[in-house]
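Shown next, in structure tokens, is the structure this report addresses.
The values are calculated or read from the model by the stated rules, or taken from the named source; none is laboratory data. Keep in mind that this is a model prediction, so the values were computed, not measured.
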Amino acid sequence: MKTSAAIREYLIEIEVRKYTPKTIRGYRNSLNLFLRFCEQEAHIQEVEEINLAVVRQFSAFMSRKGRKGSYINGLLKVSKSFIQYCYDEGYGCGLSRPHVFCPLLDAVLWRTKQKIAFFLL
């Protein structure tokens, strides 16, 4: 499934779940950044192509752009929520089969002074 279509579906889903308009707007902005990165930097069009390496690249990309760790954490939180939604809907998360363990969803963000790194549980 196209990542942009999945994001549209996800935004409808969180609206149905009664997220506040401000939260929906924040999620939309964060996911648009993630989508733009996927399309322009990582050359990814499909949800199934998103994996832990892509999220790490996104984190590093935002860090190189001078974004603060707390801002990047917020972006990653929204991205993880979106990926969880895709996983739950059976779109996959960089795996060939949906509904199996997805390491990306169990990644823990660990902030250090100079960089952001992921450590798997």
- Item | Any hit, region 30-45, residues being at pLDDT 95 or above, at negative phi and among the small types (Gly, Ala, Ser) | yes
- Note on the structure: Those residues of region 1-13 that are of a type in the set (A, V, I, L, M, F, W, C), part of a helix (DSSP H, G or I) and more than 12 Å from the chain's Cα centre (by Cα) come to a total of 3
